[in-house]
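Single-structure report; data block below.
The values are calculated or read from the model by the stated rules, or taken from the named source; none is laboratory data. Values in this document were obtained by computation on a predicted structure and should not be read as measured data. Neighbour counts run over all protein chains shown; Cβ positions are idealised from the backbone, glycine included.
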Amino acid sequence: MEQISQSMEAGLPGNLEDAPRLATLRCAVSLILDVDGVLFEGNHILPGAVELISQLSREGTPYVYLSNNTTYSFQHHVDRLSRLGKSADPGVIITAARVTAQTLASESRPGACCLVIGECGLIEALELAGFEVTQTDYQKAEYVVIGMDRQLTYEKLKFASLAIRNGAQFISSNPDPNYPDGELVVPASGAVQAALEASTGVRARVTGKPALPGFRLALSILGTSPESTGMVGDQLEVDIRGGRCAGVLTFLVLSSLTPAFPPQESAILPDAIFDSAEELWQFWIRR
């Protein structure tokens, strides 16, 4: 907490002293990396992303990707992350779709029916886990599972609402309110979640970040302790809150979703703040 308070007193990242951030980075022997807003914005690779991944790979630092993006197929995630200059190992890619499917599979009967608001990534993960997927049969649905859906319609909301009222469990793959789509910030899964919560009066159970299942899986893959693992993310309420609940170090990268960090307006304090993945990389090679 002493490092945190030193960083907060110094103000915005441009005015922060280097020493506290370097000291905090030295504690991290592995990293959990958010993707959108840290390494990519839409299909655009952000400055420093290639250099950061290359540095981690070159020095043998373990890392995993932990993404709340449920719109892409898993192969698309692999192909997209391979654009960072190193073939992405599928084993280190954790998506909210994967976490959601695994979580529900561990507690449900085989072949349970999920009414889904979401795109191919979420549907693919649930089907691979053995679930029956529908977007209309609200009477059969045992779960309503939601993610970002760029083809959202009133009909989809109606059937999901009816299923929840009929007793289906309400599952949110992630609560991200917005998504950085290139130069635009657009509504994401959290906006769908809010609409259904308002309609039904039922709170969703969140499975992706900031919930713990993805962090537990990440730590299991990395084989490192929470105290020696850093979470790199761009959203306070999602990445940093989740990281702190998981007991890992938290590194905030500023993005279009979090363009500045006024400490007086947030009770969620990261261990260090960086302007970008590029600045994080520059600090990382100085550790």
State whether one or more residues within region 130-140 are touching a Lys or Arg at 6+ places or on another chain (Cβ under 8 Å) and among the aliphatic types (A, V, I, L, M). no
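Against the condition farther than 15 Å from PHE40 by Cβ, surrounded by fewer than 17 Cβ atoms within 10 Å (Cβ to Cβ) and over 18 Å from the mean Cα position of the chain (by Cα), how does PRO90 come out, does it pass? Full working, then the answer.
Details: farther than 15 Å from PHE40 by Cβ: yes; surrounded by fewer than 17 Cβ atoms within 10 Å (Cβ to Cβ): yes; over 18 Å from the mean Cα position of the chain (by Cα): no.
When the stated conditions are applied, PRO90 does not pass them.
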Out of everything in region 33-58 that is buried (at least 21 other Cβ atoms within 10 Å of the Cβ), outside any loop (DSSP other than H, G, I, E, B) and among the hydrophobic types (A, V, I, L, M, F, W, C), what residue ends up being modelled with the lowest pLDDT? PHE40
Any chance you could count how many residues in region 5-32 are outside any helix (DSSP H, G or I) and modelled with pLDDT under 90? 4
Checked against (1) over 24 Å from LEU52 (Cα atoms); (2) surrounded by 24 or more Cβ atoms within 10 Å (Cβ to Cβ); (3) in contact (Cβ under 8 Å) with a residue 60 or more places away in the chain, GLY243 satisfies every condition except (1)
Every residue from region 22-51 that is within 16 Å of GLY85 (Cα to Cα) and out of contact with any strand residue (DSSP E or B) (no Cβ under 8 Å at 6 or more places or on another chain): PHE40, ASN43, HIS44, ILE45, PRO47, GLY48, VAL50, GLU51
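I need the helices (runs of 4 or more DSSP H) fully contained in region 59-168, keeping only those with at least 2 residues that are modelled with pLDDT of 95 or more and closer than 30 Å to ALA49 by Cα. Can you show your working first?
Details: elements: 74-82, 96-105, 120-128, 154-165.
Qualifying helices (runs of 4 or more DSSP H): 74-82, 96-105, 120-128.
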Any idea which residue in region 185-213 is farthest from the chain's Cα centre (by Cα), counting only those that are more than 19 Å from THR103 (Cα to Cα) and in contact (Cβ under 8 Å) with a residue 40 or more places away in the chain? SER199
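Residues are listed down the side, and each one gets a yes or a no for (1) in contact with a strand residue (DSSP E or B) (Cβ under 8 Å, 6 or more places away or on another chain); (2) modelled with pLDDT under 95:
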| position | (1), (2) |
| --- | --- |
| SER225 | no, no |
| SER228 | yes, no |
| ILE240 | yes, no |
| CYS245 | no, no |
| SER255 | yes, yes |
| THR258 | yes, yes |
